[in-house]
1. List 113, 332 from most exposed to least, where exposure is judged by having the fewest other Cβ atoms within 10 Å.
2. Please work out the C-alpha center-to-center distance from the stretch 314-360 to the stretch 231-250 and express it in whole Å.
3. Run the simple label-point estimate for residue 194 and residue 3 please: 7 Å along Cα→C-beta, distance reported in nm.
4. Neighbouring Cβ atoms within 10 Å as the yardstick, rank 376, 20, 243, 422 fewest first.
5. How large is Rg over Rh for the stretch 284-340, taking Rg from the Cα atoms and Rh as the Kirkwood inverse mean of 1/r across Cα pairs?
6. What value does the stretch 1-134 have for Rg/Rh, both radii from Cα atoms and Rh as Kirkwood defines it?
7. From the square roots a ≥ b ≥ c of the eigenvalues of the alpha-carbon gyration tensor of the stretch 1-40, which class results: rounded (a/c under 1.5), prolate (a/b over b/c), or oblate?
8. Any chance you could run the full-extension gain for residue 359 through residue 235? It's 0.36 nm times the residue separation minus the Cα-Cα distance, nm to one decimal.
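Every read-out reported here was derived from the displayed coordinates using simple, explicitly stated rules and does not represent laboratory data. Keep in mind that this is a model prediction, so the values were computed, not measured. Here the Cβ positions follow ideal geometry from the backbone for every residue, glycine too, while neighbour counts run over all protein chains shown.
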Ligand SMILES: Nc1ncnc2c1ncn2[C@@H]1O[C@H](COP(=O)(O)OP(=O)(O)OP(=O)(O)O)[C@@H](O)[C@H]1O
Ligand SMILES: [Mg+2]
């Protein structure tokens, strides 16, 4: 093999640091199996992109990285859009002929292995339920779910600001609906007038859009118990990182919803984690599959927030990996922050493809060994053009890499394994508690009454909660403060709920991050 190539690869990828192995470099179809293309754990937080045409091996690359990171003690979050990542929980099949061929060509010691997996699910059907409060979601993300335009989103922001100003907790969609109903009622007129930009007509549009959303069954994703992102940072007793897999197969038809939920998780992580600087290994690797869904028709405001989140979360020890077909799916401001790149094959069928390909080629570092455009179009399945940040922070030499196979199963786990994972999960028990439907009518009436009180000028009111109320989710929106010295149990429950949700500074911070109307509060 070409001497200069061998030397460049050997030097470029030699490291004593703990790293994960992606594969070995190739030149003219020959594999240099003495050298391993590696990603140092210390630069895993420098974010990355896994791109390539359909069927070229993106998901298997994600599986490979997730398994090795877990083995190195790094917790991992992955979104499983097609249901093909549950195989992480089962050992790979060493008898597979294609796998054997790959392992031999790479001189790779293949040891089948399963990984500690936690299944999460937005519906709760495929794993522990993940819910968010409307308040923590904020207007920008909710606006994306509701497909609002910028004007409508800014009105929604004002509704959030109104609730903040009046200490009204927004826990679930019902809370938001009641607030919107109130604001469009005769009683609420005064409130609308105080918030200059809120027109009754637009609030009406929001209300209708919300009702449609509830009819589509989205309501259950919002409310309490809200998912605590700290649960993504767990390690198993023997030190391996737990791989949390968000199963999305049953909400595939709602891409706006699940992509914003992932962004919400990132925002929550940003808020929950302290500054960490550069760590020897990340606290979490976060894989964002089908990332184009996030960027598709995102408003400028949302785009800015995504860029900002990516920039800031790195120093909190979280590495974010976007997985999508073409690098051109990712806006350049975000792309430029992705230090680690695994580019699978791209095909140039249409003039647009050819255009995208040329743009992609320009985003890679220079190389003496490859014609980048030709290499990208001729890579085989499970091969990729790789460049990562070395532990010194310098881009590694571009390497057309034959990837090692994941040590876990390259197909969904068997149903009994899935069942065991779902039913045996402590997270499921923690988050399963369903909303208290029985008292819904009572609660709703109390909310409307409370909302009216909130709008009345003298704040000297005592709110009686409905009898037998046990759950704090069922107590909003309503006044937080009472001038009455004696508080009922319901009142105390109510205040506790509000403290953890509405009045929590943390939630405000998140909403600042995700842009309330007044943005920089
Ligand atoms: N590293 C690898 N080792 C062994 N086989 C691989 C590897 N990568 C990909 N393959 C093979 O290629 C097939 C397709 O890979 P994968 O599902 O990862 O593609 P994809 O790019 O995610 O496709 P899509 O865009 O449709 O989701 C796999 O089922 C597997 O057989
Ligand atoms: Mg895939």
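1. The order, fewest Cβ neighbours first, is 332, 113.
2. With the stretch 314-360 and the stretch 231-250 each reduced to a Cα centre, they are spaced 26 Å.
3. 8.1 nm
4. The order, fewest Cβ neighbours first, is 422, 20, 376, 243.
5. Using Cα coordinates only, the ratio equals 0.93.
6. My calculation puts Rg/Rh at 1.01.
7. Details: a/c = 3.23, a/b = 1.65, b/c = 1.96.
In terms of gyration-tensor shape, oblate.
8. Net length gain for the segment: 40.6 nm.
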